[in-house]
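These notes are about the structure you will find just below.
The values are calculated or read from the model by the stated rules, or taken from the named source; none is laboratory data. These numbers were taken from a predicted model, which means no experiment stands behind them. Positions of Cβ are backbone-derived with ideal geometry, glycine not excepted, and every protein chain shown enters the neighbour counts. With ligands, DNA and RNA removed, areas are computed over all heavy atoms of the protein, side chains included. Shrake-Rupley method; radii C 1.70, N 1.55, O 1.52, S 1.80 Å.
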Amino acid sequence: MLMFAVFCGLTMFDALLGLAAVVAIYALVMAVQTNCLQSWIAVGVAISLGVPAKGAVVLFHVLSALITVPFWAGNRATLTPTGLTKRICVTLFAAAVLIPIWLLPALIMGGPEYRKEVRWTQSAGQMVDSF
């Protein structure tokens, strides 16, 4: 916690994004160790919770860990490459199903300005303006 408190002020990430990424990585470690479908779905839930914070930026953090499972899991991973691919698809499907549950009502109720902000400024605009 001390290191998190020290480095939290030095980074540009929101607390919600950081929390979602940490929960997703923790669920991923549990999923790899137990090969439990609910843990893989929990990774997707954590991804979907990080999307309201900064958009799809949470995928940069979590997808890198998902893709590199064979390198860091070692012999703890009991999944074959095909099984891992299927579990990653389940994870991304869970996230894709949960995101519209909050996004669609927000886009409908927010009006045209809000839709423009969410679609362009929050996603593409942040990447372009940050450089």
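Summary of values
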{"quantity": "Scan of segment 54-64 for residues that are open to solvent by less than 50 Å² (accessible area, probe 1.4 Å) and modelled with pLDDT under 85, ordered by number", "calculated": "K54, G55, V57"}
{"quantity": "Those residues of segment 65-101 which are in a helix (DSSP H, G or I), under 13 Å from L28 (Cα atoms) and open to solvent by less than 60 Å² (accessible area, probe 1.4 Å), in sequence order", "calculated": "A65, L66, V69, A73, L84, R87, I88, V90, T91"}
{"quantity": "In segment 12-22, the residues that are more than 20 Å from V118 (Cα to Cα) and open to solvent by 50 Å² or more (accessible area, probe 1.4 Å)", "calculated": "L19, V22"}
{"quantity": "Total residues in segment 23-50, condition within 16 Å of the chain's Cα centre (by Cα) and open to solvent by less than 20 Å² (accessible area, probe 1.4 Å)", "calculated": "11"}
{"quantity": "Filtered residues of segment 86-105 (kept if at pLDDT below 90 and either over 21 Å from L37 (Cβ atoms) or out of contact with any helix residue (DSSP H, G or I) (no Cβ under 9 Å at 6 or more places or on another chain) (or both))", "calculated": "P100, W102, L103, L104, P105"}
{"quantity": "Tally, over segment 12-28, of residues that are out of contact with any Phe, Trp or Tyr (no Cβ under 9 Å at 6 or more places or on another chain) and within 20 Å of L84 (Cα to Cα)", "calculated": "4"}
